[in-house]
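The values are calculated or read from the model by the stated rules, or taken from the named source; none is laboratory data. In this text the structure is predicted, and so the values were computed from the model without any measurement. Positions of Cβ are backbone-derived with ideal geometry, glycine not excepted, and every protein chain shown enters the neighbour counts. For the accessible areas, the whole protein counts, side chains as well, though only heavy atoms, and no ligand, DNA or RNA atoms are used. Shrake-Rupley method; radii C 1.70, N 1.55, O 1.52, S 1.80 Å.
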Amino acid sequence: MRSDAGRSPAAPQASPAEAALAVVDVCKSFGHVQALTDVSLSAYPGQVLALFGDNGAGKSTLMKIMCGALQPDTGTIRVGDYEAPGLSIQRAQSLGIQAVYQDLSLAPHLMVLENMFLGHELYRSRWPGFLHVLDRRRMAMETVEALERISIRLPSVHVPVMKLSGGQRQAVAVARAVRWARRAVLMDEPTAALGRVQSDLVVDTIRATARANLAVVVVSHDIPRMLEVADQVAVMRHGRIVAHGSAADFTLARIVGLMVGEESRTAPRDER
Amino acid sequence: MIRRSAFWVALIDLVLLAVFAAMNPVLLSIQGARTIALDSVEVLLLAIGSTLLLGAGKFDISIGANLGLSSVVATSVMQHVGGVTTIAQYGVSHQVGTYHHLALVIPIGVAACLVSGLLMGTANGLLVVRLRVNSLIATLGMLSVAEGITFVLSGGVNLAAPTELQSGFGLLSIAGIPAPVMVAAAAVVLLWFVVAKTSFGMRTLAMGSEPEAAVRAGIDVGRHQLVLFVIAGGLAGVAGLIDISRFAFTNAAAHLTDPLAAIAAAVIGGTALSGGIISSFGTVFGVLLTTILEVGLVLMGVSSYYQLVVIGVVLIVVVSIYETRRRRAEAGA
Ligand SMILES: Nc1ncnc2c1ncn2[C@@H]1O[C@H](COP(=O)(O)OP(=O)(O)O)[C@@H](O)[C@H]1O
Ligand SMILES: [Mg+2]
């Protein structure tokens, strides 16, 4: 069983030598499907780690384990000083980890501002604290700011998310993750529903987030665009990391080859 | 803050009221209004719990059995402490003996009623949250359990509660407003406040809208759902107390279909069956719809069983309208 006991969240480390977030020898299976096999991966503060792999390679499963949405069967997760066989969502959040899920995980009936602050609500100070009376005005203002920080403008933050386009929803999910992250942002296909211009905005956001000394892990099928921002690259195939190293060592052709298995598993890899 | 659906249901209420009043003007008298309001109280309390649960994508169809059990638990306890028994002759209950120690009996009875309701709500919540039983099935099972216990406790007899509960609460009016109506009105205001203003309400809607989104926002969804079931159970306990306070006898069997009326009222009022949307005042107007139908039909001399037929038809029509609108809205998005 997991043991979350006795560890307190540490401040994000500035030293690039220490990983902001690491998984070690993680395995995960769903019934007969072995989704992850002995996966070890580290994300460093101020760096962008791009994670590539074909559909079903296990990218989303790995991302969910790193943000506490799934528990691994075996292996270890390390976040700063915290080390355990798994993370709860609450623990991951208190350690400063935020995620953009592939399915976005927004509540469609809730307004944009409510989704932005769900779980982090602001309360009106005029009312007794135990009532938890929402301060929607401040939440709206800060939602607009959070969206502006990633250069997104919505007609209104008071509309239910279900009224937004796919691209707008994705923008809300990205803005939310960036708004609350203190250590690492994990983005699972954040540009899937986006056009060219909006994808560029997400890439800018990734860059800005890394510049703020957070670790960024991004899963994407848009390999060329991600290679523009990535410091590190990892390629997954059939639930294993088949290559991991400095982005400078990777080209589009090599990544695609690794994804489909043309290059052997013993291909050169950066042992850091 | 009033949703459009609530407005439409209120309009239907007014039309129905006008139609029935045209046939029997007594409906528009103060007495008519009091009757409709009082007869709405118990279903309204159940509907408030149902509204919250529906908003979170859950059901509790045992709240009627909970009402009955709570009233029987409370009355049994009061009879025991007060030295009273009830016998039934030819299907009519008679109180044997008179209640002693009323100053003790009544507070104990009130507490027993509320605790019974809360405990059953807790049991439902634990079944759904811990054992992950579908809420419809879990509460269907609990309905049966509660009904059985009710029968064992009462022996199938409608038990006699102290008449002091009637004079002190059930039949009491303050400034012309019946005390039970005040309780229900307070519960409605509380429902509206919680849903519209607090993070509890927002989180309730979030987990009904997309449970995974609520989990991933770091919310303890299980604990929250448990609290919702406890609230619904507690409100059923309050309704049970009002039941014995109004009639001075339990009538558990009469309330088994109340949850259907309560859920129907909430849905007619615009609360989404699939979660994510709550219409607090819609629930009030939905309950009034069912009561106006009942009272109106009775005044017309028509069997109130036709009320069930009419409510069923209204429910089906309304839900089909909502579904069509929802599908159109989603196709347009
Ligand atoms: N909840 C689940 N239940 C069963 N199988 C799953 C589940 N999630 C993922 N899988 C399986 O695990 C494998 C990896 O999935 P995933 O991590 O989503 O891959 P990717 O994101 O790289 O496309 C796939 O074979 C997928 O079908
Ligand atoms: Mg995926």
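Residue selection: A:G46 satisfies the criterion of being of a type outside the set (S, T, Y), more than 13 Å from the chain's Cα centre (by Cα) and either surrounded by fewer than 21 Cβ atoms within 10 Å (Cβ to Cβ) or modelled with pLDDT of 95 or more (or both). Taking the listed residues B:V189, B:V227, B:V238, B:V215, the one that is open to solvent by 20 Å² or more (accessible area, probe 1.4 Å), assigned to a helix (DSSP H, G or I), within 14 Å of chain A (Cβ to nearest Cβ) and over 30 Å from A:S105 (Cβ atoms) is B:V189, with no other qualifying. Go through segment B:1-39 and count every residue that is open to solvent by 70 Å² or more (accessible area, probe 1.4 Å) and hydroxyl-bearing (S, T, Y). Summing the residues that are open to solvent by 70 Å² or more (accessible area, probe 1.4 Å) and hydroxyl-bearing (S, T, Y) in segment B:1-39 gives 0. Residues in segment B:320-329: is at least one farther than 30 Å from A:Q168 by Cβ, open to solvent by 10 Å² or more (accessible area, probe 1.4 Å) and modelled with pLDDT under 90? Looking for residues that are farther than 30 Å from A:Q168 by Cβ, open to solvent by 10 Å² or more (accessible area, probe 1.4 Å) and modelled with pLDDT under 90, one finds at least one in segment B:320-329, hence yes.
Scanning segment A:103-120 for residues that are facing chain B (nearest Cβ under 7 Å) and in a loop (DSSP other than H, G, I, E, B) gives A:S105, A:L106, A:A107, A:P108, A:H109, A:L110, A:L118, A:G119. The residues of segment A:71-123 that are within 21 Å of A:Q34 (Cβ to Cβ) and surrounded by fewer than 20 Cβ atoms within 10 Å (Cβ to Cβ), listed by number, are A:Q71, A:D73, A:T74, A:G75, A:T76, A:P85, A:Q102.
Name every residue in segment A:190-218 that is of a type in the set (A, V, I, L, M, F, W, C), assigned to a helix (DSSP H, G or I) and without any contact (Cβ under 8 Å) to a residue 60 or more places away in the chain, in order of residue number. Steps first, answer last, please.
Here is the first cut: in segment A:190-218, the ones of a type in the set (A, V, I, L, M, F, W, C) are A:192-194, A:197, A:201-203, A:206, A:208, A:210, A:212, A:214-218.
Checking the rest, the ones that are also assigned to a helix (DSSP H, G or I) come to A:197, A:201-203, A:206, A:208, A:210.
Passing the criteria: A:V197, A:L201, A:V202, A:V203, A:A208.
With the structure loaded, tell me whether A:S40 is more than 13 Å from ligand 1 (Cβ to nearest atom) and away from chain B (no Cβ under 14 Å) or whether it fails that test. Against the criterion (more than 13 Å from ligand 1 (Cβ to nearest atom) and away from chain B (no Cβ under 14 Å)), A:S40 qualifies.
With respect to the conditions (1) open to solvent by 30 Å² or more (accessible area, probe 1.4 Å); (2) within 14 Å of ligand 2 (Cβ to nearest atom); (3) within 14 Å of chain B (Cβ to nearest Cβ), A:I65 lacks only one, and its number is (1). Determine whether A:A92 is at pLDDT below 95 and either within 12 Å of ligand 1 (Cβ to nearest atom) or at negative phi (or both). No, not satisfied.
Across segment B:71-92, which residue is nearest to the chain's Cα centre (by Cα) among those that are under 18 Å from B:L119 (Cα atoms) and open to solvent by 20 Å² or more (accessible area, probe 1.4 Å)?
Of segment B:71-92, the ones under 18 Å from B:L119 (Cα atoms) are B:71-77.
Next, only the ones that are open to solvent by 20 Å² or more (accessible area, probe 1.4 Å) stay: B:73, B:76-77.
Numbers: B:V73: 18, B:S76: 22, B:V77: 23 Å.
Ranking the qualifying residues of segment B:71-92, first place goes to B:V73.
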